[in-house]
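Input: a single structure, listed below in C-alpha cells.
The values are calculated or read from the model by the stated rules, or taken from the named source; none is laboratory data. All figures in this text were calculated on a predicted structure; none of them were measured in a lab. Every residue, glycine among them, receives a Cβ derived from its backbone with ideal geometry; neighbour counts consider all protein chains shown. Only protein heavy atoms, including side chains, enter the accessible area calculation; ligands, DNA and RNA are left aside. Shrake-Rupley method; radii C 1.70, N 1.55, O 1.52, S 1.80 Å.
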Amino acid sequence: REALAWIGHFPPGSLYGQLCQLLALALGDGDALGTAALLAESLSVTARHQLLAIVHARTRKERKAAAGGDVSEQLQSLSLQEPDPSQDPSQDPSQD
C-alpha cells in the first residue's frame, strides 16, 4: 500500500494499474470491498490513459492535416534556384 501511496498523485498508467491489481490479489477475499475498490481504480486509470492516448493521436493527426499535410510534399515544392525577377508578377510595370 505504501507504493500505491507514493505514485497515487501522478500515476503512470501501466505501473499504477498493475500495482492496483497486485494489491487486489494480495487482499483477496479478506477485504472484498478493498479488493473491489482497487480493481475499479485499476480499470478507471487504464481507461483514462487509453482515452488520453486516443485524444492525443487524433489531435496530432488534425494538426498535421491543418499544417498542410506531409512534410515531404512541402519539401518538394521548395527550390534552390532564385526566382527570375523579370517573371515575377508583382514586379510587372504594366500594373502601375
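Pairing residues of the stretch 46-72 that are in a helix (DSSP H, G or I) with residues that are modelled with pLDDT of 80 or more, at Cβ distances under 7 Å and at least 6 apart in sequence or on separate chains, gives THR46/GLY17. One residue alone among GLU62, GLU2 is at pLDDT below 85 and open to solvent by 70 Å² or more (accessible area, probe 1.4 Å), and that residue is GLU2. Let me spell it out: the conditions are (1) loosely packed, with under 12 Cβ neighbours inside 10 Å; (2) within 23 Å of ALA5 (Cβ to Cβ); (3) at pLDDT below 90, and LEU33 meets all of them except one. Which number is the exception? Condition not satisfied by LEU33: (3).
If you scan the stretch 36-59, which residues turn out to be of a type in the set (Val, Ile, Thr) and open to solvent by 60 Å² or more (accessible area, probe 1.4 Å)?
Of the residues in the stretch 36-59, the ones of a type in the set (Val, Ile, Thr) are 45-46, 54-55, 59.
Within the stretch 36-59, ILE54, VAL55 qualify.
If you check GLN18, GLN87, GLN95, GLN91, which single one turns out to be out of contact with any Asp or Glu (no Cβ under 7 Å at 6 or more places or on another chain), modelled with pLDDT of 70 or more, open to solvent by 100 Å² or more (accessible area, probe 1.4 Å) and among the polar types (S, T, N, Q)? Spell out the reasoning first.
Values: GLN87 fails: modelled with pLDDT of 70 or more; GLN95 fails: modelled with pLDDT of 70 or more; GLN91 fails: modelled with pLDDT of 70 or more.
That would be GLN18, the only listed residue that is out of contact with any Asp or Glu (no Cβ under 7 Å at 6 or more places or on another chain), modelled with pLDDT of 70 or more, open to solvent by 100 Å² or more (accessible area, probe 1.4 Å) and among the polar types (S, T, N, Q).
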